[in-house]
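The values are calculated or read from the model by the stated rules, or taken from the named source; none is laboratory data. Fair warning: this is a prediction, and the values are worked out from it, not measured in the lab. Note that each Cβ is placed from the backbone with ideal geometry, even for glycine, and that neighbours are counted across all protein chains shown. In case anyone asks, the SASA skips ligands and DNA or RNA and just uses the protein heavy atoms, side chains included. Shrake-Rupley method; radii C 1.70, N 1.55, O 1.52, S 1.80 Å.
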Amino acid sequence: MNRAPVAANSEIEWLLLTTPDDTEEAPWMTTPEFQWRVCTFLLSILERYKRAHDLRWYLIAELKVTMPRGIISRDLDLGPDLLMAESDDHERTSWNVAIEGGPPLFVLEVVTEESRRRDTEEKPLLYERMGVQEYAIFDPKRSRPGSKLFGYRRDEDGQWVAWANEAPNTLRSKALGELRLFVDGDRVRVLDHEGNVLLSDEEAANQEAARADEEAARADEEAARAKEQAARAEEAEAELRRLKARYGIAEE
């Protein structure tokens with residue numbers, strides 16, 4: 001007996017029924033070097049901020065996220081480029097929405113030519129259904145007019161709406177504690193609440209090394225000045241002894 005086709009009640013239901021998983025074989029899942037650099041750089045910045053403020057953030061890049069499709073029993077696997085969830089930080093092989101008790105709060109996708117349709121047309125619907133609070137999309141190679149950093153978020157009523165830029169190429173993230181993400185060349189950087197640019201671990205280490213080098217250079221300069229002053233004092237004392245000897249003045 002032929003089985004009747006499944007009727008989809010909405011675009012998202014049809015997408016959930018038909019969309020393939022994010023797998024290593026999927027053409028949109030290739031990872032060019034610029035995409036990897038964006039993710040590792042931003043991840044380092046957020047991890048450093050998390051440590052400094054003792055936040056209960058679980059941050060990870062390219063971890064499989066599993067969600068129920070709802071209308072069929074088989075789950076859907078997605079592979080966001082970067083995610084943040086409020087959870088204990090321990091090693092995971094995947095983030096299962098049903099097992100973890102909820103979705104990630106924040107998700108970032110970095111657009112490539114192969115992933116543009118998947119990231120900008122399909123995944124907004126999928127992350128909305130998943131329950132994500134904020135979905136940021138970074139399209140560093142975008143040639144058409146518009147922001148390179150855009151996305152979707154929940155408004156005060158819980159509706160899934162376009163994420164408006166606070167300033168050109170800048171998004172204020174409620175999920176990330178009101179930090180502001182902004183485009184700096186081919187990277188996404190972060191501003192804190194005072195407008196300071198947050199550093200990655202590598203940048204902080206380089207800054208500390210530069211500061212140590214400056215302090216060492218100042219110490220060397222001070223030591224050289226002290227040595228020069230001592231030498232001049234010794235020369236002055238020698239000249240004074242010579243003059244006293246010349247004029248028969250007794251040493252005190």
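So the values come out like this:
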read-out	value
Size of electric dipole in segment 7-153: Cβ of Lys, Arg +1 and of Asp, Glu -1, about Cα centre, debye, nearest 20	500
Dipole axis of segment 115-252 (+1 Lys, Arg; -1 Asp, Glu on Cβ), positive-most option in L176, S143, Y247	S143
Rounded to the nearest 10 Å², the accessible area of E208 at probe 1.4 Å	100
Mean Cβ neighbour count within 10 Å, used as a protection proxy, ranking 54-65, 231-242 highest first	54-65, 231-242
Identified option (computed Kirkwood radius over Cα pairs in Å; candidates (i) 22.0; (ii) 19.4; (iii) 18.1)	(i)
Three-way shape label, segment 12-87, alpha-carbon gyration tensor, a/c 1.5	oblate
Degrees, to the nearest 10: 33-53 long Cα axis against longest axis of the chain	70
Heavy atoms of H90: accessible area, 1.4 Å probe, square angstrom to 10	100
Probe 1.4 Å, protein heavy atoms only - accessible area per residue of the chain in square angstrom	60
